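Beneath this line is the structure, given in structure tokens, with notes to follow.
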Amino acid sequence: MHEMSLTEGILRVLEQQAAAQGFTRVVKVRLEIGELSAVDPESLRFCFEAIRDETVADGAELEIIPLPGRAFCVDCGKEVPLPHRFAVCPDCGGGKLQLSGGDEMRIKDLEVE
Amino acid sequence: MCGVCGCGSETIGEAHGHDHGHSHHGHSHSHPHDHDHDHDHDHDHDHGHDHDHDHGHPHDHDHDHHHEHAARGDIHYGQGPAGSHVPGLSQARMVKIEQDILGYNNGYAAENRAMFEENGILALNLVSSPGSGKTTLLCRTIADLKDRHSIAVIEGDQQTSNDADRIRATGAKALQVNTGKGCHLDAHMVGHATEKLEPAEDSLLFIENVGNLVCPAAFDLGEAAKVVILSVTEGEDKPVKYPDMFAAAEVMILNKIDLLPYLSFDVEQCVAYARRVNPGIGVLKVSATSGEGLEDWYRWIGDRRQSLLAGRVARLESKLAALRARMDRA
Ligand SMILES: Nc1nc2c(ncn2[C@@H]2O[C@H](COP(=O)(O)OP(=O)(O)OP(=O)(O)O)[C@@H](O)[C@H]2O)c(=O)[nH]1
Ligand SMILES: [Mg+2]
Ligand SMILES: [Zn+2]
Ligand SMILES: [Zn+2]
């Protein structure tokens, strides 16, 4: 989905941070992307490489750290792994699951100079 | 809205003989905003502008303004370039960020939401795949409710002002936002559109998102609720094929039920799929053309509006009480 506007969002944060923290070049960007977040990492990488140049992230490397899907099962009263949004609880087979992780789309940190 | 306004990726039709010059740009908010805009408005808006909001860097990019679509102040977005590159030398270091990529959108959304709540505006974000019947449902809803409520509509489509024209034909205020290549509305667009549209206090504001079952799910517009519309011709498995949208919505409207006799659509299975991705989702079965089931939709809107207004009354009463207390002391 809309990886291009997400990438623009990332560059916007980098520009803001460059001004706020006084760096002029980003060498590496580390993202945490949940496996249920509907972001396709490859497409994000493609977009990033397409528009990073002539920004503060000119030539920067993009590292994407995947985060697994997790949910709280109301019936079991505990957290369980969730491979898909519509999966059922692996322990009780129930469907009363509340997403508790895996939808993240975060910029974790930067290597800058 | 404009306190953190980037506006780098925005083009707004200027050929409108209207209030352009970015007066809509927040710096002369005509609707009753209550958040603080404490930036200076020294934009000269011939687009060499120096926004001095917390965006930091001088914008030196070209805004490629579109001059088409003169109708009714509708807004058209193109693709904006990112920022500028300032070369420099120093040694490498790590900077912790821990920021949501959608943080910029969420900031605008929070401002929109505060503004909507402050003014008692019930904002509903209508999402669906193309052609589920959003505009048809809105036209019918306006016709049925316009004596009871003041109603305004923001129409999001990639191109054309067809939908806003259809809404205006009902007599309601509507503003078309063309997203260009964008596959969803974002909170920034909605903030600006709301400024131009000036919905009345205690009114209903419908936001018809771009027809797309994927992307609009991720973009909070500041709405009170997302309403997902699924027409029965689309197949009962859509909630599990596009789970994000159904997970984000508070209610699912199953539209075009007048066609059920001609289809093999399994309503119960569809509802079960929707509840699998979102156990709490409400379900309303309607036909926007025959009117069947619409009373349930209007009741849902009425309930949502009641709780919004109750919140507003409580806030105003506590303000009033504080004021009275001060007056007694004086
Ligand atoms: N039979 C039947 N047709 C409907 C119903 N609601 C909408 N339609 C038809 O479905 C088609 C699409 O309706 P629109 O209201 O334009 O759908 P939309 O979701 O606004 O479409 P986009 O904005 O292009 O995504 C039109 O031909 C409508 O007449 C319904 O309840 N029953
Ligand atoms: Mg429409
Ligand atoms: Zn998209
Ligand atoms: Zn369980």
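The values are calculated or read from the model by the stated rules, or taken from the named source; none is laboratory data. No experiment lies behind these values; they were computed from the predicted model shown. Don't worry about glycine lacking a Cβ; one is built from the backbone with ideal geometry, like all the others, and counts go over all protein chains shown. To get the accessible areas, we keep the full protein, side chains included, count just its heavy atoms, and leave off ligands, DNA and RNA. Shrake-Rupley method; radii C 1.70, N 1.55, O 1.52, S 1.80 Å.
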Qualifying positions in the stretch B:113-147 - open to solvent by 10 Å² or more (accessible area, probe 1.4 Å) and among the polar types (S, T, N, Q)
B:S129, B:T136
Pairs only if they're at least six apart or on different chains, beta carbon under 8 angstrom, first in the stretch A:2-16 and at the interface with chain B (Cβ under 7 Å from one of its Cβ atoms) and over 11 Å from A:V39 (Cβ atoms), second crowded, with 20+ Cβ neighbours inside 10 Å and among the basic types (K, R); list them, first residue then second.
A:L11/A:R52
For the stretch B:122-151, enumerate the residues that are of a type in the set (A, V, I, L, M, F, W, C), over 14 Å from B:I301 (Cα atoms) and either touching an Asp or Glu at 6+ places or on another chain (Cβ under 7 Å) or part of a strand (DSSP E or B) (or both).
B:V127
For the stretch A:96-113, give me each residue that is within 16 Å of ligand 4 (Cβ to nearest atom) and open to solvent by 30 Å² or more (accessible area, probe 1.4 Å).
A:K96, A:Q98, A:L99, A:S100
So B:Q159 passes all but one of these: (1) open to solvent by less than 60 Å² (accessible area, probe 1.4 Å); (2) within 16 Å of ligand 2 (Cβ to nearest atom); (3) free of Cβ contacts under 8 Å to residues at least 24 places away in the same chain. Which condition number does it fail?
(1)
Would you list the strands (runs of 3 or more DSSP E) that sit entirely within the stretch A:1-77 and hold 3 or more residues that are away from ligand 4 (no atom under 16 Å from the Cβ)?
A:26-34, A:61-67
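The rows are residues; the columns are (1) open to solvent by less than 10 Å² (accessible area, probe 1.4 Å); (2) small (G, A, S); (3) within 16 Å of ligand 2 (Cβ to nearest atom).
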position	(1), (2), (3)
B:K173	no, no, no
B:M189	no, no, no
B:A193	yes, yes, yes
B:E201	no, no, no
B:L204	yes, no, no
Assuming A:R25 fulfils every condition listed in (1) more than 24 Å from B:L102 (Cβ to Cβ); (2) surrounded by fewer than 15 Cβ atoms within 10 Å (Cβ to Cβ); (3) within 11 Å of chain B (Cβ to nearest Cβ) apart from one, which condition is it?
(2)
Give the stretch B:207-255 a look and list any residue that's within 14 Å of B:R276 (Cβ to Cβ), assigned to a helix (DSSP H, G or I) and open to solvent by less than 10 Å² (accessible area, probe 1.4 Å), or say none.
B:P239, B:M245, B:F246
